[in-house]
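Structure first, then comments.
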Amino acid sequence: MKVALISAALVSVTFASSVHQDHDELQFARFREQFGKTYHTRSEHTRRFSIFQQNLRKYEQHNKSGASWTMGK
């Protein structure tokens, strides 16, 4: 029983993480298009995407905090 619950929890977390990743990638693609960003190597793209994700988490966390102003968008 415990194994089934743990397995279900892991599948849920993996799915949620995948959905979150897909959303981030879509947002990053829109950002690159809007601002004409191109990255010439895979490592540069990966580094810039990581920075973009960190910034997304930062403003999402701030906006959920109930502050009187919103960050980002």
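No lab work stands behind these numbers, since they all come straight from the coordinates. Fair warning: this is a prediction, and the values are worked out from it, not measured in the lab.
Non-local amide H neighbours of residue 71 (under 5 Å, H modeled in plane, Pro and chain starts lacking H): which ones?
Residues meeting the criterion, in which the H sits 1.01 Å from N, are 63.
Please give the length that would be gained between residue 40 and residue 71 if that part of the chain were fully extended, namely 0.36 nm times their separation in residues minus their C-alpha to C-alpha distance (nm, one decimal).
Values: separation 31, 0.36 × 31 = 11.16 nm, distance 2.95 nm.
8.2 nm is the gain from fully extending residue 40 to residue 71.
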